[in-house]
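The values are calculated or read from the model by the stated rules, or taken from the named source; none is laboratory data. Predicted model, so just to flag it, every value in this text is computed and none were measured. Note that each Cβ is placed from the backbone with ideal geometry, even for glycine, and that neighbours are counted across all protein chains shown.
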Amino acid sequence: MNRRFALWLALVAAFTLAAAARYQPGWLQTDILALAGDSDAAPAVAAAQRKLNGQLQGSVLWMLVGPAAEAETLAHATEMLAQQLRAAAAITRLEYRWAEAERYQREWALLFPMRQQLLTGADRNLLAETPEALVRRQLAALYGPEGAGIDLERDPFATFRHYFAAGPQLATQVFGEIPVQQRGEHAFTLLQSTATPVALGGKVRTPLLQLREELQRWAEARNLTLLSVGAPLHTEYAAAGAQREIRLIGGLSIAAICLLSLLIFRSMRPLLLSVFAIAAGIASGTAAVIALLGQMHILAFVFGTTVTGLAIDYAFHFICNRMRPGPARDRDVLPGLLLGLVSSCLAFFALALTPFPLLRQMGVFVGAGLIGAWLTVVLLFPSLLKLRQRRLHIAERLPPTKPSRYLAALAVLLLVGAAALPRIEFGDDLRLFYTPPEFLAEDETQLNDLLPSRPESAYFLVQGNDWRQLLEREWQLMGELQSAREEGALADFQALSLRFPPERIQRADWELMRDFYGSAPVQGFYTQLGYSATEAQQLVAALRQPFKAVTLPEWLAVAGGQYADLWLGCNAGGCASIVRLYGLQQTASLPSSLEGVTLVDPPRAIAAVMSQQRDLLLKLLPLVLLVVTVVIALRTGARRALSIIGLPLAAVVATLALAVLSGAAINLFHVAALLLVFGIGVDYAVFSHMSGRDERSHTLLAIGMAGITTLLGFGLLALSATPAIADFGLTLAVGTTLTLVLATLFFARAVEGGNR
Amino acid sequence: MRALMLALSLIVFPLQTLAIAPEQVRALAQIEARLQTAPQMLGRFEQKKTLPQLPRPLLSSGVVALSQKQGVSWRIEQPLASHLLLNEESAGDDALARQIAYPLLQIFRGNFSALDGLFYVVGENAEDKWQVTLTPKNEAIARVIASIEVSGDRAIEQIRLAEANSAVTEMQLLELRAVDETDPQFKAEFNDLTATPQE
């Protein structure tokens, strides 16, 4: 007895130590994008994704919208809003004075001496094709009413001014460094903030969502509209939702188990022991995930807590066996328990072998949790469990059925499966993990209407041995993207080389300007303005600038934040950058075969990984079936093994068939649930088949109680707001019910067979 | 509400905003009332632009059309042909041009009070004519515009735009009259633009 207890303590110590060694703050993740497995992606893609995720994860964009005529009021309100945001604990960084003079001056100081070599694409085309049009444009501006700010001495054709001022195609007014954008009847200002990471210790609060609500009321009182978008809002919403679900599902599941235990065992001790076994299961599952994987997603944790529904099987089986009159015969149930554990663990650890983080975490959590709970039952229960014995006659009271009924039921279920399976349809989507709430989706739609220039989630990753090669490759990509834009495949793109072309291009532009300055139209421009030919020549000579070579790092050091964000940096493997895409219509017509250029499309990649994992799991099922059959056959002989395996097989096939017939597109989570149904089915079938004649009523009681608790635990998962979890729960509920019905039928048959 | 905003803006922008004195508010209101703006107006202009670097001023003339809906059409006939449209969206991607286009647009519309966020607006309502002087409140605009003086009687007659780089543009608006929306010449001024690019 003491040896068992010592062994249990040693195992607890081992789990604790392993978890402590690998423990890291932030082991519980809430970021939806973290679920995308990047194990098979190239390291540079992963790094790009991490940088983008980093930018995305913390940033919340606020848009204050008012009527177009009250731009000034809006700017003042923006200043007030900024003060409130700054004062809020949920916000760490805020940027809204976009027209910040100092930054412009630094950039101007570096770039103005390069005015002969930096051109916008439009001016480059004009200079190459119709240079006289550039002269006409400038004369019209000079004679026009608003020709202000033309620098006749240094930038007479405003090519540098165009280059420097090129920005989004929106009308802007600036009030105290706050730009107010006009779009139709609306005016708006933008505030970019960084949110404090969601605190997951203890109670998840929603400071950001509350702040959003308060500020929206504040804006409404001023006849303004406040819109907000950003991953932190979703993270907070999802985290709070997940925690509510943990409480509700975990709480109700435990409450149901408590009630059942009290009703059946009429004692507190089995109940406390069962709860303890569940706690041990959850603890060892968490420890194993931390020790083996380092991190766990909160969705995996929600799932993992439902391990209680399964771990209780072992406790109930053990306890019900103890209810049998006479001396304790714990050894009678051990073979069944062990076979049940080995087969279930095989099913769960199969999930852990997949490269998909969520499934891997779920698999490890549940597998280790089962082992922990099982060891607690086997090591501690024999000495701690004290129970009043009761004679039971449940099995005998079942209505007598012909042996063929059980087999007929199996056959019918398999036939339903065979009929429905050809109609199977698949569907994998990131939306399965998370559907944004309407109020956030609404904000996003409105904001996108006013500000269509938000980047797509798909982007190009460009790599080169050094920054020079990188810029050359970007330049090549831009050429193709320009044709794609002309064909309407995308609205726009943003790249470093658009603002800072490769040196070869800068040199060509410099030569283009040199030739232009020496041309007849430019001479004509000056004589039109009243200069003599000699004066014109002197003016042109003064315009000429030497070529100035600036490195990309020098340029980046002063370039605006939006360009620095595109730069991923250099390491031993080379340099990398991102080309952002806007208004993407069709991915198919984007360039795909350029060297060092990769199109990265995270949602598509995630959907692809999910389909791949689903197919893998579906293929895994027969293999698991075979392994379990062999394991059982080694213990019971081939014939009985086939009879045992028939039950979970029929349950799985029929559950899948019902899901297909209900019109659901089968996703990874249906399939993962089927694997669990299989595990549960194997458990029940093993317990049923291996219980001796005098154990039957107690085995049936254990199965019944296990089934009902599982049903409660998983049935409640079907209510989850996360479609993936709901699919999982519903599939399991259906599967467990079928398994329970089949097991009861088996017992009815067995009783009749026994009476014969 | 507007008074509250002004009071609040005093706290927010202590250096930029001085409350407009009540007599100024009255003067501006009188000028805006005196100014007879119609939804569509058509006239001619003569412009003299004096740039410090240039040996002689740049003289130009042409047709101006004002539309509350479509903005301002400014068609130069002499010494070169050019046509451009000023409205909320027209200045395109040139941030500097936008800084000037907006106040000009409001001036042509006779909507001086809309500019008191960007400019100190001082109005003088004399017997024979009125004059409004605009000086930038904020540094970004002050880097481009030194001041804008507008004068007139029942219509705007003259606009004098002094730039920070000491360029001065004087625009005389002549024969400015209200026209019907269906006036063929008026329609042509805006239709032309849809056919030809602005520059």
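Taking the criterion of being part of a helix (DSSP H, G or I), of a type in the set (Gly, Ala, Ser) and surrounded by fewer than 22 Cβ atoms within 10 Å (Cβ to Cβ), the only residue of segment A:674-714 that qualifies is A:GLY704.
Scanning segment A:120-147 for residues that are among the hydrophobic types (A, V, I, L, M, F, W, C), closer than 15 Å to A:GLY524 by Cα and more than 9 Å from every other protein chain (Cβ to nearest Cβ) yields a total of 2.
Can you pull out the residues in segment B:148-167 that are crowded, with 16+ Cβ neighbours inside 10 Å and within 12 Å of another protein chain (Cβ to nearest Cβ)? Of everything in segment B:148-167, those that are crowded, with 16+ Cβ neighbours inside 10 Å and within 12 Å of another protein chain (Cβ to nearest Cβ) turn out to be B:ILE148, B:ILE159, B:ARG160, B:LEU161, B:ALA162, B:GLU163, B:ASN165, B:ALA167. Among the residues of segment A:443-477, the ones that are of a type in the set (Phe, Trp, Tyr) and in a helix (DSSP H, G or I) come to 2 in all. Taken together, the criteria exclude A:VAL653 from residues that are of a type in the set (A, V, I, L, M, F, W, C) and modelled with pLDDT under 80. B:GLN24 satisfies every condition listed in (1) at pLDDT 80 or above; (2) over 17 Å from the mean Cα position of the chain (by Cα) except (1).
Before we move on, is B:GLU124 more than 14 Å from chain A (Cβ to nearest Cβ), crowded, with 16+ Cβ neighbours inside 10 Å, within 17 Å of B:LEU28 (Cα to Cα) and of a type outside the set (Val, Ile, Thr)? For B:GLU124, the condition - more than 14 Å from chain A (Cβ to nearest Cβ), crowded, with 16+ Cβ neighbours inside 10 Å, within 17 Å of B:LEU28 (Cα to Cα) and of a type outside the set (Val, Ile, Thr) - is not met. Could you grab me the full set of residues in segment A:61-76 that are crowded, with 20+ Cβ neighbours inside 10 Å, facing another protein chain (nearest Cβ under 8 Å) and not hydroxyl-bearing (Ser, Thr, Tyr)? Those that are crowded, with 20+ Cβ neighbours inside 10 Å, facing another protein chain (nearest Cβ under 8 Å) and not hydroxyl-bearing (Ser, Thr, Tyr): A:ALA71, A:GLU72, A:ALA75, A:HIS76. Would you please name the residue that is modelled with the highest pLDDT, looking only at residues in segment B:115-174 that are outside any loop (DSSP other than H, G, I, E, B), over 15 Å from the mean Cα position of the chain (by Cα) and of a type in the set (Asp, Glu)? In this case the residue turns out to be B:GLU124. Somewhere in segment A:520-537, is a residue of a type in the set (D, E, K, R), within 14 Å of chain B (Cβ to nearest Cβ), assigned to a helix (DSSP H, G or I) and out of contact with any helix residue (DSSP H, G or I) (no Cβ under 6 Å at 6 or more places or on another chain)? For segment A:520-537, residues of a type in the set (D, E, K, R), within 14 Å of chain B (Cβ to nearest Cβ), assigned to a helix (DSSP H, G or I) and out of contact with any helix residue (DSSP H, G or I) (no Cβ under 6 Å at 6 or more places or on another chain): present. Take A:GLU185 and tell me if it is surrounded by fewer than 23 Cβ atoms within 10 Å (Cβ to Cβ) and modelled with pLDDT of 85 or more. No, not satisfied. Among the residues of segment B:35-56, the one identified as more than 16 Å from B:VAL179 (Cα to Cα) and among the β-branched types (Val, Ile, Thr) is B:THR50. Among the residues making up segment A:606-643, those that are more than 30 Å from A:GLY427 (Cβ to Cβ), among the small types (Gly, Ala, Ser) and surrounded by fewer than 16 Cβ atoms within 10 Å (Cβ to Cβ) are A:GLY637, A:ALA638. So in segment A:294-315, with the set limited to residues that are of a type in the set (Phe, Trp, Tyr) and modelled with pLDDT under 85, which one is surrounded by the fewest Cβ atoms within 10 Å (Cβ to Cβ)? Looking at the filtered set, the residue picked out is A:PHE301. Just one of (1) surrounded by fewer than 22 Cβ atoms within 10 Å (Cβ to Cβ); (2) under 29 Å from A:ARG247 (Cα atoms); (3) among the β-branched types (Val, Ile, Thr) fails for A:VAL741. It is (2). Within this structure, A:GLY488 fails the test of being touching a Leu at 6+ places or on another chain (Cβ under 7 Å) and not in a helix (DSSP H, G or I). Among residues of segment A:570-593 that are charged (D, E, K, R), those with a beta-carbon under 7 Å from a residue that is surrounded by 14 or more Cβ atoms within 10 Å (Cβ to Cβ) at least six positions away or on a different chain give the pairs A:ARG580/A:PRO455; A:ARG580/A:TYR459; A:ARG580/A:PHE493; A:ARG580/A:GLN494; A:ARG580/A:LEU566.
Among residues of segment A:557-581 being in a loop (DSSP other than H, G, I, E, B) and modelled with pLDDT under 80, the one that is surrounded by the fewest Cβ atoms within 10 Å (Cβ to Cβ) is A:ALA572. Residue selection: A:THR551 satisfies the criterion of being within 30 Å of A:GLY569 (Cβ to Cβ), surrounded by fewer than 16 Cβ atoms within 10 Å (Cβ to Cβ) and either within 13 Å of chain B (Cβ to nearest Cβ) or modelled with pLDDT of 85 or more (or both). Scanning segment A:83-99 for residues that are at the interface with chain B (Cβ under 10 Å from one of its Cβ atoms) and either surrounded by 14 or more Cβ atoms within 10 Å (Cβ to Cβ) or β-branched (Val, Ile, Thr) (or both) yields one hit, A:ALA99.
The strands (runs of 3 or more DSSP E) found wholly in segment A:172-260 and carrying at least 1 residues that are of a type in the set (Lys, Arg) and either in contact with a Phe, Trp or Tyr (Cβ under 9 Å, 6 or more places away or on another chain) or within 14 Å of chain B (Cβ to nearest Cβ) (or both) occupy A:178-183. Can you find a residue in segment A:373-394 that is crowded, with 24+ Cβ neighbours inside 10 Å, assigned to a loop (DSSP other than H, G, I, E, B) and at pLDDT 85 or above? The answer is no; no qualifying residue exists.
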